[in-house]
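Take a look at the structure set out below.
Every number here is computed from the coordinates shown, using simple stated rules; none is lab data. Please read these numbers as outputs of a predicted model, since none were measured by experiment. Because the Cβ atoms are built from the backbone with ideal geometry, glycine has one as well, and the counts that use them run over all protein chains shown.
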Amino acid sequence: MKTENILLYTLGHKDYYFEGKGYKIPIPCWGMEKSIVYNLDYLKKYFKVNLILFGLNKLPLYSAQDINIISGGKSFNSYTLSYIFSFKDLITNFPFGIKNISEKDTVIMVHNFFLLVIFSKLFTPKIKVILFIENEVSRLLWRLDGNIFSKIIYFLITFLGLILADKIIKVSDRTCWLEDKLNFIKKKSYYLPNGLDIKIFKPYDGNRNSLININGVTDKDSLLLYVGRITDTKYKNPRLLFKSFEAVRKKKSNIKLIVIGTGKEEGYRLLKKHNVKNSENIFFMGIIKNESIIPYYQRCDLTLLTSRSEGNPYVILESLACGTPCVTTDVINKHTIQNGVNGYVSKSQEVEDFTNVMLKGLELSLKLKPQNKSLLDPIYNIKNREKNLLKLIQ
């Protein structure tokens, strides 16, 4: 029977736990907010979509905030939007969001939430469950904090979620040891990279210097851009960003850094923590709606990614689509950046190595930016993703 209903479950950035006296059990999940927004915008054309945001113990629902920002403040009237605030809510109301659903024409889509795959198969075993993961599983396991007991519980939840899911959709093209060793997981895994609307994210045909107006930035400045939650110090690696910027400034004095996603107060606190001396050349712009970031991509000379772990980050895709080369750590999809063609990938996460590729990236930008062409591989066109996603759901 044709699919009619989509239950789309997600959790936010924070690491969530079931906590009690003497125990703390982790819930494996990280945010994939942009993927969720793009999936929603596409899926609503064909299905009745129900978005369910999950937050235990009434913790802040970061997904709700981020989805609203990323979607440009779009109303979610097109979808049923539900909130789950407790473990009890999840158990007593599952599947949360739809009453009297038909198991034959419903699909549950879970974003990085392995525990929910287990619940789905326990309570609604006939409903097909599609699990989206942003990274190869070995990196997901690495990201967990806690003691050995927590890590064992996490691994078991992750492993069982992978076993029970009917299909696994990965945005990363990197395989993991679980796939290499277990053929039954490999057989139901599908690579579906993130996609962009290249009619929106595109190079600017005009005077780039007029695109943004920041006090302290001149037309003669070369601009580096960072977009993301740099306050997430474990994964985003702010020290590498700021120390590499300091090193580049010693060789090119007209370089300035723009940081989007972090406010001034938090930003200057990080600069002080890492003893950064060029604070007057770093501009913290705070959170900006997604469509308002485009002029920054178009104006800047180089986009940076210093993360220790990523999947298929939209920041890099958006920058390349706007014609701006990127310098990244070796955590993104293998074929996204080709050294010397549309950017550089640092061979390590050491400041010296990252500084060297930043300098190469700036030289490359001098050649590429005047050409005013997209640097994005056509595989990341949103039309390709939408077509393949529909096939996987039906």
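Numerical summary
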quantity: Contour minus Cα-Cα distance for residue 222 and residue 156 (0.36 nm per residue); calculated: 18.9 nm
quantity: Relative contact order, percent, the stretch 208-375 [alpha-carbon distance under 8 Å, six or more residues apart]; calculated: 23 percent
quantity: Equivalent ellipsoid semi-axes - Cα gyration tensor, the stretch 318-394, angstrom; calculated: 28, 17, 7
quantity: Calculated from backbone phi, Karplus (6.51, -1.76, 1.60) coupling profile of the stretch 104-109 in Hz, x at Gly/Pro; calculated: 6, 10, 10, 10, 9, 10
quantity: log10 of Debye I(q)/I(0), alpha-carbon scatterers only, for the stretch 208-375 at 0.10, 0.14, 0.17, 0.18 Å⁻¹; calculated: -0.31, -0.64, -1.00, -1.15
quantity: Amide H contacts under 5 Å for residue 49, placed H, 5+ residues apart; calculated: 6, 80
quantity: Part-to-part distance (alpha-carbon centres) for the stretch 351-394 and the stretch 250-320, which is given in Å; calculated: 17 Å
quantity: 20 Å Cα-Cα threshold exceeded, pairs from 250/367; 2/167; 199/383; 252/277; calculated: 250/367
quantity: Per residue Cα convex hull volume in Å³ - calculated over the stretch 351-394; calculated: 93 Å³
quantity: Cα→Cβ-extended label distance, 7 Å offset, between residue 104 and residue 234, nm; calculated: 4.6 nm
quantity: Dimensionless Rg over Rh [the stretch 195-296; C-alpha; Kirkwood]; calculated: 0.97
quantity: Distant-in-sequence amide H partners of residue 381 (H built 1.01 Å from N, under 5 Å); calculated: 196
quantity: Formal net charge of residues neighbouring residue 253 (Cβ-Cβ distance under 13 Å; K, R +1; D, E -1); calculated: +3
quantity: Charge sum, other residues only, whose C-beta stays under 11 Å from residue 369's C-beta, Lys/Arg counted +1 and Asp/Glu -1; calculated: +3
